[in-house]
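Comments concern the structure below.
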Amino acid sequence: RPKVPKGYLGSISHKGTTGVALICKDTTTNLHEETQQPTLGIGIDIERTSTLRPSVAKYVLTKHEIDQLGQLEGMTKDEETLLRFSLKESLYKAMHPLICQYVGFKEAEVTPHADGTATFRLNITNGAHEKFGAITAHWRRLDCNKFFLSS
């Protein structure tokens, strides 16, 4: 995690020579009264829209997500797989400071929407996700469609 000044939240990502950062002022107390754990998180990720590697779908998507591929107009199934991977990476970066544990790729399902938003369904084995409030996610293509940016 990036080190940011007290009172701020931050997340970073890079792919090759392209990097992105997301920083925001923390307007909450940011620590749970009893556990002293953070109560708010942010995450950002950048991924290429194409890769020479074989599809990673079977490693990072649930069966339900694989069955749903191909519903975003103008996007191939391979591109959508990389978009879903990016959205999950953003989510994990935001969640980690809150729950301080590994979360497997198949413990979250993400559905990207054509308007640049996404919805998540979490199923973390130990139920750590049950304490979460709202999850807001966004995505877009960048740099002549070479990258997906998600937060």
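The equivalent ellipsoid of region 2-134 has semi-axes of 28, 18, 13 Å, largest first, where each one is the square root of 5 times an eigenvalue of the Cα gyration tensor. Amide hydrogen proximity for residue 8: with H placed 1.01 Å from N in the peptide plane, the residues at 5 or more positions away or on another chain lying under 5 Å are 26. The calculated FRET efficiency for residue 53 paired with residue 142, based on their beta-carbon distance and R0 = 22 Å, is about 0.60. Would you mind telling me the antiparallel percentage of the DSSP bridges in the chain, rounded to 5? Once the DSSP bridges in the chain are tallied, antiparallel ones form about 100 percent. Per residue, the average separation of C-alpha pairs within less than 8 Å and at least 6 apart gives the chain a relative contact order of 22 percent. Entry note, the chain: the mean residue ellipticity at 222 nm calculated from DSSP H runs of n ≥ 4, each adding -39500 (n - 2.57), is -6500 deg cm²/dmol after division by the residues and rounding to the nearest 500. In the chain, the longest principal axis of the Cα atoms and the axis of helix 77-99 are about 10 degrees apart. Here's the picture: charge each Lys and Arg Cβ at +1 and each Asp and Glu Cβ at -1 in region 6-151, and of 133, 50, 94 the one pushed furthest to the positive end of that dipole is 50.
Bear in mind that the values in this text are calculations on the coordinates, not laboratory data. Since we're looking at a predicted model, the values are computed, not measured. Methodologically, a virtual Cβ is constructed for each residue, glycine included, from the backbone with ideal geometry; neighbour enumeration extends over all protein chains shown.
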